[in-house]
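Q: Please read through the structure below; I'll follow up with questions.
The values are calculated or read from the model by the stated rules, or taken from the named source; none is laboratory data. Only a predicted model underlies this, so the values are computations on that prediction, with no experimental measurement involved. Backbone-built Cβ (ideal geometry, glycine too); neighbour counts: all protein chains shown.
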Amino acid sequence: MQISNINPNISYTSRNCPIKPFKIKTNQGILECRELDYNKSYTNTFLGGIGQFFLDIFANTSSHPFWKKCRKPTMDKAVYDSYIADNIKDYRQALKDPDTTFLIARNKWGSIKAAIYSRSLDIDGKIKEPLTLYIDSIAVNKNLRGANIGKKLMDSVIEASKNNFEDVFLVAYKEAVPFYEKMGFKQTQGDVNKSRALKELVKERIDYPDYAEFLERKLSDVSGTKWFERADNCILK
């Protein structure tokens, strides 16, 4: 994999976690990687396209029963469309958070081939922790897997975010756990009977623990506490 800058004079688009645009050379051509421009107003069609990219990959990757309803061509269209509509609302809200990053890789025709969406930890307003970077979604087109594209996107986001956060947290489908472990993520070790944040997270993620795992990666240890311990304090407030 070869990386080269697109244009060193191009301005950064993210407000708190700027990532310089870059290119990735693959056996199927060059992918141009850049963040969404927060100064632009995006249509529902555009945001829905990002949601559809993630959904189509998740639906064909995870064994969770829900995703079967979203697998083409036999998908339940009502469920599929509802999921995309919820994504659009979520993305619009997330873009109000200065720590949100949408890093998207497109081919020369403009088609999305890989993407990562991250923000400060805030799950349905119940589990908040501003020092924890939450990787909401990351996906790579199946024809381009094995070329370290997902790792490059993840590394770029973490490198740009490391001075703002102490931890990175994500929920991984079990099929993807080995991918994250190679990047230094470990299973979250915490007692759901003692941590209110973890208890709330288990309620929110009905796919845990049968289909998904909670994973984390330490970036620094300034506070000397675990991310869910800090989240507990936020809940208590």
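Q: Quick one: which residue in Arg106, Arg92 is modelled with pLDDT of 90 or more, more than 30 Å from Val192 (Cβ to Cβ), among the basic types (Lys, Arg) and surrounded by 14 or more Cβ atoms within 10 Å (Cβ to Cβ)? Please lay out each step first, then the result.
A: Values: Arg92 fails: surrounded by 14 or more Cβ atoms within 10 Å (Cβ to Cβ).
Checking each option against the conditions leaves just Arg106.
Q: Scan the stretch 85-107 and give yes if some residue there is assigned to a helix (DSSP H, G or I), out of contact with any Lys or Arg (no Cβ under 8 Å at 6 or more places or on another chain) and hydroxyl-bearing (Ser, Thr, Tyr), otherwise no. Full working, then the answer.
A: First, the residues of the stretch 85-107 that are assigned to a helix (DSSP H, G or I): 85-94.
Still in the list and also out of contact with any Lys or Arg (no Cβ under 8 Å at 6 or more places or on another chain): 85-93.
Right, trim to hydroxyl-bearing (Ser, Thr, Tyr) and you get 91.
Yes; the residues of the stretch 85-107 include at least one that is assigned to a helix (DSSP H, G or I), out of contact with any Lys or Arg (no Cβ under 8 Å at 6 or more places or on another chain) and hydroxyl-bearing (Ser, Thr, Tyr).
Q: Same structure again: Which pairs turn up if I take residues in the stretch 57-68 that are more than 16 Å from Arg205 (Cα to Cα) and look for partners that are at pLDDT 90 or above and of a type in the set (Gly, Ala, Ser) with beta carbon separation below 6 Å, at least 6 apart in sequence or on another chain?
A: Cβ pairs passing all conditions: Ile57/Ala139.
Q: Looking at the stretch 89-114, I want the residues that are under 19 Å from Lys20 (Cβ atoms) and in contact (Cβ under 8 Å) with a residue 12 or more places away in the chain and have a partner that is among the aromatic types (Phe, Trp, Tyr) and surrounded by 14 or more Cβ atoms within 10 Å (Cβ to Cβ) with Cβ atoms under 6 Å, at least 6 apart or on another chain. Which pairs are those?
A: Phe102/Tyr117
Q: Which condition number does Asp155 fail, the rest of (1) of a type in the set (Asp, Glu); (2) without any contact (Cβ under 8 Å) to a residue 60 or more places away in the chain; (3) more than 27 Å from Asn27 (Cβ to Cβ); (4) in a helix (DSSP H, G or I) being met?
A: Every listed condition holds for Asp155 apart from (3).
Q: Continuing with the same structure: List the number of the failed condition for Ala212; all other conditions in (1) in contact with a helix residue (DSSP H, G or I) (Cβ under 9 Å, 6 or more places away or on another chain); (2) more than 17 Å from Ser120 (Cα to Cα); (3) surrounded by fewer than 19 Cβ atoms within 10 Å (Cβ to Cβ) hold.
A: Failing condition for Ala212: (3).
Q: Picking from Ser161, Ser195, which residue would you name as being under 16 Å from Tyr117 (Cα atoms) and either among the polar types (S, T, N, Q) or surrounded by fewer than 21 Cβ atoms within 10 Å (Cβ to Cβ) (or both)?
A: Values: Ser195 fails: under 16 Å from Tyr117 (Cα atoms).
Unique residue meeting the criteria: Ser161.
Q: Name every residue in the stretch 57-78 that is farther than 21 Å from Tyr208 by Cα and in a helix (DSSP H, G or I), in order of residue number.
A: Scanning the stretch 57-78 gives Lys77, Ala78.
Q: Among the residues in the stretch 72-81, are any buried (at least 16 other Cβ atoms within 10 Å of the Cβ) and either among the charged types (D, E, K, R) or modelled with pLDDT under 90 (or both)?
A: Taking the stretch 72-81 as the starting set, the residues that turn out to be buried (at least 16 other Cβ atoms within 10 Å of the Cβ) are 75, 80.
From what's left, either among the charged types (D, E, K, R) or modelled with pLDDT under 90 (or both): none.
So far as the stretch 72-81 goes, no, none of its residues is buried (at least 16 other Cβ atoms within 10 Å of the Cβ) and either among the charged types (D, E, K, R) or modelled with pLDDT under 90 (or both).
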